[in-house]
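The structure under discussion appears below in the form of structure tokens.
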Amino acid sequence: MRFINEHLDRLDTAQQRHAWLAFVVAVVKKYGDDRGSSLSALLAYYGFLALLPLFLVFVTVLGFVLEGDPGLRHSLVDSAVADFPVIGNELRHNVHALRGNGLALVIGLLALLWGSLGVAYAAQHATAEIWSVPAHERPGFAARLLRALGLLATLAAGVVGTTLISGVVAGAGNGIAFNVLGIALALTLNAALYLVGLRVLTVGSVATGDLVPGAVLGGVAWTVLQLVGGWLVTRQLRHTSELYGFFAIVLGLLFWLYLAAQILVYVSEINAVRARRLWPRSLRHPE
């Protein structure tokens, strides 16, 4: 044991001497301290529950706002479902706009919206835990609701932006150069959306400048996940039979949502560690 401990101490000393390695170690350790896997699982759970209600609200609102422009309406719906591998086509073909009298429609939309706010509340809780915000300093009910609505508005703006980028790239032509242009534009948009989203979710005492590094990394990670997400989920379903196909799709979607939640949690951890200079940290000894 003495031999092992001596080598562990040398490894610990070495990682603390290299800033980049010490920073990575500090992020991973803080992720464990904050129970990041549990926060990610909670986000994935509420995201799964909110997916169908949110999409139903989205399709219904588009049906009213863009009733005279079915082409744009279909483009926005296609952009929204493109972010969801495996079940995107199922959502597109089986979820239809709510209809009925005005009062019943408004009540139904409000109920769906209320039920879908869980993921926004979970995200606010996650960022508050990561930034160690005391309970008495966390936003109250009204502020949490406004922040949740702001996050949903940010997601809607992302769908519109993705549609515009797709239209610009498609109109420019085909080829590798245009594909690279599309990826670059998508990455820029994703980074901007992450910055706005993190600003909405994080308490005001945290400066916006402290959120930029994580937003950029989040934009890159989300773009990569969009590019390979379908392949990752399909790979998980490759050996499933028809009998278990439906359950496999559900598990595959949860897996994808968990990856998306991990991105949000990790970029928030990176911002917190960097802003508060929480490195270097020891591998062996508790702080």
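Summed over segment 210-230, residues that are within 14 Å of N271 (Cα to Cα) and open to solvent by 50 Å² or more (accessible area, probe 1.4 Å) total 3. Taken together, A128, A123, A142 contain a single residue that is open to solvent by 40 Å² or more (accessible area, probe 1.4 Å) and at pLDDT 90 or above, which is A142. Taken as a whole, segment 103-124 holds at least one residue that is closer than 19 Å to S205 by Cβ and part of a helix (DSSP H, G or I).
Of the residues making up segment 5-42, those that are part of a helix (DSSP H, G or I), more than 13 Å from R281 (Cβ to Cβ) and within 22 Å of the chain's Cα centre (by Cα) number 7.
Restricting the search to segment 174-189, which residues are open to solvent by less than 80 Å² (accessible area, probe 1.4 Å) and within 25 Å of T154 (Cα to Cα)? Even if it seems obvious, please write down each step before you answer.
We begin by selecting, within segment 174-189, every residue open to solvent by less than 80 Å² (accessible area, probe 1.4 Å); these are 175, 177-178, 181-187, 189.
Within segment 174-189, L181, G182, I183, A184, L185, A186, L187, L189 qualify.
Evaluation of A157 against the conditions (1) open to solvent by 60 Å² or more (accessible area, probe 1.4 Å); (2) more than 25 Å from D33 (Cβ to Cβ) shows that the sole unmet condition is (1). Looking at segment 49-58, is at least one residue modelled with pLDDT of 75 or more, surrounded by 16 or more Cβ atoms within 10 Å (Cβ to Cβ), closer than 26 Å to A261 by Cα and small (G, A, S)? The answer is yes, given that some residue of segment 49-58 is modelled with pLDDT of 75 or more, surrounded by 16 or more Cβ atoms within 10 Å (Cβ to Cβ), closer than 26 Å to A261 by Cα and small (G, A, S).
The values are calculated or read from the model by the stated rules, or taken from the named source; none is laboratory data. Remember, predicted model here, so these are calculated numbers, not experimental data. Quick reminder, even Gly has a Cβ in these numbers, built from the backbone with ideal geometry, and neighbours come from all protein chains shown. Remember, those area values only see protein heavy atoms, side chains included, never the ligands or the DNA or RNA. Shrake-Rupley method; radii C 1.70, N 1.55, O 1.52, S 1.80 Å.
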